[in-house]
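J.: So that we are looking at the same thing, I have put the structure below in C-alpha cells.
The values are calculated or read from the model by the stated rules, or taken from the named source; none is laboratory data. As the structure is a prediction and not an experimental result, all values here were calculated from the model. Cβ coordinates were reconstructed from backbone atoms using ideal geometry, including for glycine residues, and neighbour counts include every protein chain displayed. Note: areas computed on protein heavy atoms with side chains; ligands, DNA, RNA excluded. Shrake-Rupley method; radii C 1.70, N 1.55, O 1.52, S 1.80 Å.
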Amino acid sequence: KTTINGIETLCVSGAEGIFYLELENNNNWVLRELFNNEVSEFGLIDLDGDGQDELVTIEPFHGESLNVYKLTAGKWELKFTDTLSFGHGLSCGMFGGEPIIVVGNRRGSLTLDMFKPIDLDKGEFSRQIIEEQAGPTQTQVFRANGTDYILSANQKQNQVALYWIE
C-alpha cells in the first residue's frame, strides 16, 4: 500500500515488474505498470529529502541485487546497486531521524543489513550489519510510542528480533 500520483493504491511485484491499481473517473480499477524489471520485493521512500520517493528493489526475484532508482523525466534511473545473497525481507523507513533500507541475506553471509544514503546523486550509501547469521525472512521498520524499531524474523536463529535506538 502506497501513494502514487497523489492517490493511495495497492502495488504488486513479480517477474513482470511492479504494478499498481488506479481508480479511474468511471469508478473502474485499472492495473498500471510502475516498473518493468523482475522484482521480488520493493519499497518507496524519500531518501534524499526532495519530497519524491525513490524506488528500492530486490532484483531479480529473491535475487542478488539491491537497487535504488530515482524517477527522472518520467523514467526510473538507477542510482545505487549493491550485492545480496538471496535477498529477502526488504523494508524502508525512518530510523533515528534518517531514512534507511533494511534487507536480509538468506544465503551467503546470512546478515541483516542496513543501508543509509550518504549522497544519492553520487550513488553513495553506507552498509552496516545489524545482525550476523540471521537469515532474515521478513523485516519491518516502524515507529511506536516515540521510538524507532526494526523488526526482523531471523529464520537462521529461530527468533523474531526487535532492534531500536535508545
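J.: Considering only residues that are among the hydrophobic types (A, V, I, L, M, F, W, C) and open to solvent by less than 60 Å² (accessible area, probe 1.4 Å), look in the range 124-166 and name the one that is nearest to Ile45 (Cα to Cα).
T.: Here the residue is Val141.
J.: Output the qualifying pairs, or none if there are none: Cβ atoms under 7 angstrom, residues six or more apart or on different chains, first residue in the range 33-58 and among the aliphatic types (A, V, I, L, M), second residue in a loop (DSSP other than H, G, I, E, B).
T.: Listed pairs, sorted by first residue: Leu44/Asp53; Ile45/Asp53; Ile58/Val39; Ile58/Ser40; Ile58/Leu84.
J.: Just the residues that are within 19 Å of the chain's Cα centre (by Cα), open to solvent by 60 Å² or more (accessible area, probe 1.4 Å) and not aliphatic (A, V, I, L, M), please, taken from the range 6-28.
T.: The answer is Glu8, Glu16.
J.: For residues that are under 24 Å from Phe61 (Cβ atoms), in contact (Cβ under 8 Å) with a residue 40 or more places away in the chain and not small (Gly, Ala, Ser), tally how many sit in the range 85-138.
T.: The number of residues fulfilling the criteria is 16.
J.: Next up: Filter the range 1-25 down to residues that are modelled with pLDDT of 85 or more and assigned to a loop (DSSP other than H, G, I, E, B) and give me whichever is farthest from Phe61 (Cα to Cα).
T.: Top of the filtered list is Leu10.
J.: Run Arg106 past the list (1) charged (D, E, K, R); (2) under 15 Å from the mean Cα position of the chain (by Cα); (3) under 24 Å from Ile130 (Cα atoms) and report the number of the one that doesn't hold.
T.: With (1) charged (D, E, K, R); (2) under 15 Å from the mean Cα position of the chain (by Cα); (3) under 24 Å from Ile130 (Cα atoms) applied to Arg106, the lone miss is (2).
J.: To continue, here is another question. Among the residues of the range 26-42 satisfying the criterion of being farther than 28 Å from Phe86 by Cα and assigned to a loop (DSSP other than H, G, I, E, B), which is modelled with the highest pLDDT?
T.: Asn28
J.: Okay, next question. Looking at Ser40, Ser65, which is the one that is under 22 Å from Gly108 (Cβ atoms), out of contact with any Phe, Trp or Tyr (no Cβ under 8 Å at 6 or more places or on another chain) and among the hydroxyl-bearing types (Ser, Thr, Tyr)?
T.: The conditions single out Ser65.
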